[in-house]
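Below is one structure, written out as structure tokens; comments come after it.
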Amino acid sequence: MAASGIELRGVAYAMAGKAILSDIDLHLTEARIGIVGRNGSGKTSLMRVMAGLVAPSVGTVLVAGQDPARNRKAMLTEVGILFQNPDHQILFPTVGEELAFGLTQMGQTDKEARAQARHLLAEVDRAHWEGAATHTLSQGQRQYLCLLSILAMQPATLLLDEPFAALDLPSQARLRRRLAGLAQQIITISHDPAAVVGADRVIWLDGGRVVQDGPPDHVLGVFTDEMARIGGLDADADLSG
Amino acid sequence: MERNLTHIALFAALIAVLGLIPKIDLISGVPITAQSLGIMLCGTVLGAKRGFLAVVLFVVLVAAGLPLLSGGRGGIGLFVGPSAGYLIGFPVAAFVAGFVVERWQVRVGVAALAGAVLGGIVVLYAFGIPGMALTLGKSLPEAALLATPFLAGDVIKAVLAALVTQAIAQARPGALLSRG
Amino acid sequence: MLTLTSPVRIWAHSLSAWVKLGAICVFTLALMQLEGGWLAGAVALVLALAASGGRVFFAQWLKMLRPLWPFVALVALWQVWLGAPWATFPIIARLGAAVGLANAVTMTTELAEILALLTRLARPLARLGLKPQVLALCVALVIRFVPVMLLRYAQIALAFRARSPRRPGWRILMPVLLATLDDADRVAEALRARGGAG
């Protein structure tokens, strides 16, 4: 199992000269991993680096033994990303096209991809969604469509960026249930400890560095106390940079 | 690659949106459609090549029958009607506007104003006026006279395009692809 | 998104888009040469074609000609001023017949069919790097993002009005444009995450 999971060695990432991530050394192999941190702590940048959407400024990233920024085609079956805002993720006017796109990217013909998209929708009792316009779906439905389009490509790992942030409570419960049943490795990024309860491992990121890394009970306990302490202070006036 | 493509597609959508929104009072009390402003901005913000392609994409979709032109118009009929010249000139107008901003290395706002006037007015009218002359059975000077009432509005739009481009250069320098 | 294709299917829907586009080209060129009785015949032909679609089709067809009225009025006033009011008729007849036929083609051709035709016409451009599947992806993105951006515009306008007694004028352009630029970056990222633009 030398080449399994996501491995980051001495990773740093800077944008326009400003350090976003520094000294990240992680080997992520657990089935359910949570990454918590405040807004601006570098969580989303870490996700981009792990998925190979951007290359690190320093250090090495390996996903299943390969560089994700270079081997984009190989990454399609390794990493699937659920972006925070479904409106930035949905590329097509109709549900059927959206689902089929990833499949054609993986080499299927249009016809095969459309057929499999229909099949996938039927499996989750949503066959009637196929021709529906994506912009008419509700927020929860759009998020669900994004998840379906990723799952269609059967990646080994799912990266979820604030998956519950914009959902109402019933939609959150449905998404949690759906995620719990998945065989994939799931890495959830959130500012909210509740989103990563039940993970095998939790990593707390602050100022672009790993502050804590360990079992959820411990890390989330310390994290929650610290967040409460900061919230108690009446000084949020520092500007970053 | 992906970034070029999404900028081209989203700016083509922006031209449509600017034409479809309820007319905004660009200066109080004078409602004008912002569609040709969108054409100018494609050039001044995206640059010559990407701006040209974004507008081509928009014009192709209008031709294909999507009601994206101001007032919800679309279809091939537009290309044999009085506005044919303008539609064909749109991409060239964006190209020229972008070319000026790319090549004339003065303050972005100044270059954008020059580009918007040269592309969005001079070049666009050079296509639009012969189009009107041909479809309305008029001589070129007569058609030019028909186009003059729109000049004032277009000058205002060129100034707005310049202001907005300048503001983007300050707020988000990396996003101004024409000076990237 | 709503297209201008007529929901009423008529015989012309089953004609090939190539034939219909060719007909527009030939007809429009011919109109330039036609005079008098021949011109009247051409107008009658277009009217007959539109009427063959039935009442609903014909009403929609007439509605699509509406943007021409200002030009009709303008040309008429002009000719009256020149002292040759009768010259209005051939000018308007040519314009109306050409636009009328082209509109009828738009109404009887599915969007997908025209797009397939245009993609075909753009095929020589593949050598310059414009692949057909890239064009198709661009078209899909525009159709997807027009409603998204209209909604975004409405939200920004609402946010403006919530804090200002004035109507949002040109000031709203800046946030709308910045939102578009940021969206383009995010969407590029999502596209890259799913295998890129090929």
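Data table
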{"quantity": "Evaluation of C:Ala87 against (1) at pLDDT 90 or above; (2) touching a helix residue (DSSP H, G or I) at 6+ places or on another chain (Cβ under 8 Å) (one fails), failing number", "calculated": "(1)"}
{"quantity": "Hits in region A:65-79 (condition: assigned to a loop (DSSP other than H, G, I, E, B) and in contact with a helix residue (DSSP H, G or I) (Cβ under 8 Å, 6 or more places away or on another chain))", "calculated": "A:Pro68, A:Leu76"}
{"quantity": "Residue match in region A:106-116 (condition: touching a residue at least 24 places away in the same chain (Cβ under 8 Å) and of a type in the set (D, E, K, R))", "calculated": "no"}
{"quantity": "Hey, A:Ala199 in a loop (DSSP other than H, G, I, E, B) and in contact with a Pro (Cβ under 7 Å, 6 or more places away or on another chain) or not", "calculated": "yes"}
{"quantity": "Selection status of B:Val117, hydrophobic (A, V, I, L, M, F, W, C), within 11 Å of chain C (Cβ to nearest Cβ) and within 17 Å of the chain's Cα centre (by Cα)", "calculated": "no"}
{"quantity": "Residue within region A:167-174 that is among the aliphatic types (A, V, I, L, M), more than 30 Å from A:Ala14 (Cα to Cα) and surrounded by 20 or more Cβ atoms within 10 Å (Cβ to Cβ) present", "calculated": "no"}
{"quantity": "Any hit, region A:126-144, residues being assigned to a strand (DSSP E or B), crowded, with 18+ Cβ neighbours inside 10 Å and within 14 Å of another protein chain (Cβ to nearest Cβ)", "calculated": "no"}
{"quantity": "Selection status of C:Arg152, surrounded by 15 or more Cβ atoms within 10 Å (Cβ to Cβ), touching a Ser or Thr at 6+ places or on another chain (Cβ under 7 Å) and not assigned by TED's automatic domain parsing to the domain that holds C:Trp18", "calculated": "no"}
{"quantity": "Enumeration of residues in region B:139-161 that are of a type in the set (A, V, I, L, M) and more than 12 Å from chain C (Cβ to nearest Cβ)", "calculated": "B:Leu140, B:Ala144, B:Leu151, B:Ala152, B:Val155, B:Ala158"}
{"quantity": "Filter pass, B:Gly120 being at pLDDT below 90 and not aliphatic (A, V, I, L, M)", "calculated": "no"}
{"quantity": "Some residue of region B:64-77 being within 14 Å of another protein chain (Cβ to nearest Cβ), assigned to a helix (DSSP H, G or I) and surrounded by fewer than 23 Cβ atoms within 10 Å (Cβ to Cβ)", "calculated": "no"}
{"quantity": "Of all residues making up region A:180-230, the number that are within 16 Å of the chain's Cα centre (by Cα), surrounded by 15 or more Cβ atoms within 10 Å (Cβ to Cβ) and among the hydrophobic types (A, V, I, L, M, F, W, C)", "calculated": "10"}
{"quantity": "Among the candidates C:Arg167, C:Arg161, C:Arg144, C:Arg127, residue that is of a type in the set (Lys, Arg), facing another protein chain (nearest Cβ under 8 Å) and farther than 30 Å from A:Gly96 by Cα", "calculated": "C:Arg167"}
{"quantity": "Matching residues in region B:124-168 - criterion: being touching a Lys or Arg at 6+ places or on another chain (Cβ under 8 Å), of a type in the set (A, V, I, L, M) and at pLDDT below 90", "calculated": "B:Leu146"}
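Residue by residue, here is whether (1) under 28 Å from A:Met15 (Cβ atoms); (2) facing chain C (nearest Cβ under 9 Å); (3) touching a Gly at 6+ places or on another chain (Cβ under 7 Å); (4) among the charged types (D, E, K, R) holds:
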site	(1), (2), (3), (4)
A:Val36	yes, no, no, no
A:Ser45	yes, no, no, no
A:Gly65	yes, no, no, no
A:Arg70	yes, no, no, yes
A:Gly80	yes, yes, no, no
A:Leu103	no, no, no, no
A:Gly107	no, no, no, no
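The values are calculated or read from the model by the stated rules, or taken from the named source; none is laboratory data. A quick note: this is a predicted structure, and the numbers were derived from the prediction, not measured. Cβ coordinates were reconstructed from backbone atoms using ideal geometry, including for glycine residues, and neighbour counts include every protein chain displayed.
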